[in-house]
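Colleague: Here it is: the structure, laid out below.
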Amino acid sequence: MRFLAVAPAEDDRRFVKGYPPRGAWLFLEPDLDISRLATIVEGTDRLDYIDLRVEELAWEGEVDLCLVRIDLDQEEAGHELLSRFRTRNIRTLAFGPLPTRWGDRPPAWLGSYVVGDIANAWPQVRADIESGKLAGSYTAAPEPRYIPARRPFGRWPEMNCRQQVISFVVGCSCPKPVQDLCPARGYYGERLHVRSREEVIGEVMDLPHKHVRLLDEDVARFPEYYLDLFRELWNYRRHWTVSAGAGLFNLPRLIRLLAKAGTRLVMFNDSFLGPHIARATTDPATVRALYRRVKLIQSRKMLIGARLSINLDPGHELDWTAVATVLRRIDLDLLELLAWRSGDDGRPVPIPTRYEPMLTPGNPAWVRGRFYALDVILDRLARRPRRTGFYTTARYLLPYSLAYRQNYLEGIARP
């Protein structure tokens, strides 16, 4: 059987024929849910992948089912895409974070959909397609399991198909304020799947390229587990990008081991800046404490980034000029800014922070623009080799800084 999986694109990222794909190539990675599904489907079935960020919606021949992944901020794009398929009398199945959030109260236009991880519901979907009776909805089992992303996958060279991703722990480890924005939280709730040491090491040994991005949200959540793994992974001379919570600063042994094992970038989640950013705008002592934590990571020859999720609900206003000043003073290397507002159901909804002409300091997008201003990037690049070395600065800080800057200037709300 033949299946067509499509990743929609918002207006700011949709491919236009005759022009290069919008956004930095570094962040144009294949959709993770679809690449995991491709690993399951491959064999007697065929799954074709269309990503509307890098190509038009076009295919040849008949397909048995079109699968459309809809993210939390892609309602309009998903609606438009499903409508186009139905005008051609093609069966569709929607899945992803947004259909999962809607649960048993979807909009009428959604049609057939999956609540949860489509990989867990796929056996039933496949059986129904073969029998010709696609159900209106499928509820996937909420048990997390690891399925490696298919390699190679995606459209080369338009996409960054060389990016290697891996999970050691499958499930959500996000801080509470932003858990509802995490796909794994919607799929599995609080459940986690911890992979065995032998399984992880076996997969790492088979990876063809040097740089690996660890998808786990917080390497400080199970310190002994990660200590045991990275002691062994040090032998394979990989370069790692990892995510961590603020608890990592209480684990000096793990920090040293991450550096020794080849970690080049530690991206902290919202537990690092989120609880302190408002106080830091008025309290120099808080700024100094954050600065010391940043320098601790950099002293181990690793770059440090952070995600800052900003609540735009009334009563949570911030002095954006002061926020930009704090971020400059603590000397972070990279920043991901995520703004959100409570939706009708009380759960957070992502709000774009895009570049627009004549941005004023009273806007979170202005903070993003100041952090990735060209003069600020050049200043960072000039000072960083003294702490992290020339190789890490040139190989990681420079391309990532320019990629974030490009996405911002092209009006793209997220990597």
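The values are calculated or read from the model by the stated rules, or taken from the named source; none is laboratory data. Remember, predicted model here, so these are calculated numbers, not experimental data. Neighbour counts are summed over all protein chains in view; Cβ atoms, including those assigned to glycine, are modelled from backbone coordinates with ideal geometry. Just so you know, the surface numbers come from the protein's heavy atoms only, side chains and all, with ligands and any DNA or RNA stripped out. Shrake-Rupley method; radii C 1.70, N 1.55, O 1.52, S 1.80 Å.
Colleague: Just for region 41-57: of the residues that are out of contact with any helix residue (DSSP H, G or I) (no Cβ under 9 Å at 6 or more places or on another chain) and among the hydrophobic types (A, V, I, L, M, F, W, C), which one is surrounded by the fewest Cβ atoms within 10 Å (Cβ to Cβ)?
Modeller: ILE50
Colleague: So which residues in region 247-259 are in contact (Cβ under 8 Å) with a residue 24 or more places away in the chain and in contact with a Leu (Cβ under 9 Å, 6 or more places away or on another chain), if there are any at all?
Modeller: Once the filter is applied, which keeps residues that are in contact (Cβ under 8 Å) with a residue 24 or more places away in the chain and in contact with a Leu (Cβ under 9 Å, 6 or more places away or on another chain), region 247-259 yields LEU248, PHE249, LEU251, ARG253, LEU254, ILE255, LEU257, LEU258.
Colleague: Got a sec? Which of PRO144, PRO99 is touching a Gly at 6+ places or on another chain (Cβ under 7 Å), open to solvent by less than 60 Å² (accessible area, probe 1.4 Å) and either at pLDDT 95 or above or of a type in the set (A, V, I, L, M) (or both)?
Modeller: PRO144
Colleague: Hey, can you tell me all the residues within region 328-387 that are in a loop (DSSP other than H, G, I, E, B), farther than 27 Å from ARG292 by Cα, touching a residue at least 60 places away in the same chain (Cβ under 8 Å) and touching a helix residue (DSSP H, G or I) at 6+ places or on another chain (Cβ under 7 Å)?
Modeller: Matches in region 328-387: ARG347, THR353, ARG354.
Colleague: Among the residues of region 331-354, count how many are surrounded by 21 or more Cβ atoms within 10 Å (Cβ to Cβ) and more than 23 Å from CYS174 (Cα to Cα).
Modeller: Going through region 331-354 one residue at a time, the tally reaches 0.
Colleague: Looking at region 123-141 only, could you name the residues that are farther than 18 Å from THR39 by Cα and either among the small types (Gly, Ala, Ser) or surrounded by 13 or more Cβ atoms within 10 Å (Cβ to Cβ) (or both)?
Modeller: Once the filter is applied, which keeps residues that are farther than 18 Å from THR39 by Cα and either among the small types (Gly, Ala, Ser) or surrounded by 13 or more Cβ atoms within 10 Å (Cβ to Cβ) (or both), region 123-141 yields ASP128, ILE129, SER131, GLY132, LEU134, ALA135, GLY136, SER137, TYR138, THR139, ALA141.
Matching residues to (1) assigned to a helix (DSSP H, G or I); (2) under 25 Å from GLY116 (Cα atoms):
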| residue | (1), (2) |
| --- | --- |
| VAL178 | yes, yes |
| GLY186 | yes, yes |
| VAL204 | yes, no |
| ASP216 | no, yes |
| TYR225 | yes, no |
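Colleague: In region 254-292, how many residues are part of a helix (DSSP H, G or I), in contact with a helix residue (DSSP H, G or I) (Cβ under 8 Å, 6 or more places away or on another chain) and either surrounded by fewer than 22 Cβ atoms within 10 Å (Cβ to Cβ) or among the hydrophobic types (A, V, I, L, M, F, W, C) (or both)?
Modeller: Total meeting the criteria: 14.
Colleague: Examine region 161-176 for a residue that is outside any loop (DSSP other than H, G, I, E, B), open to solvent by 50 Å² or more (accessible area, probe 1.4 Å), touching a residue at least 12 places away in the same chain (Cβ under 8 Å) and on the phi < 0 side of the Ramachandran plot, and state whether such a residue exists.
Modeller: Going residue by residue through region 161-176, those that are outside any loop (DSSP other than H, G, I, E, B) are 165-166, 169-170, 176.
Okay, now just the ones that are also open to solvent by 50 Å² or more (accessible area, probe 1.4 Å), so 176.
Cutting the leftovers down to touching a residue at least 12 places away in the same chain (Cβ under 8 Å) gives us none.
Within region 161-176, none of the residues are outside any loop (DSSP other than H, G, I, E, B), open to solvent by 50 Å² or more (accessible area, probe 1.4 Å), touching a residue at least 12 places away in the same chain (Cβ under 8 Å) and on the phi < 0 side of the Ramachandran plot.
Colleague: Still on this structure: Residues ALA244, ALA220: which one is closer than 14 Å to ARG264 by Cβ, under 19 Å from the mean Cα position of the chain (by Cα) and surrounded by 14 or more Cβ atoms within 10 Å (Cβ to Cβ)?
Modeller: Step by step, each of ALA244, ALA220 is checked, and only ALA244 is closer than 14 Å to ARG264 by Cβ, under 19 Å from the mean Cα position of the chain (by Cα) and surrounded by 14 or more Cβ atoms within 10 Å (Cβ to Cβ).
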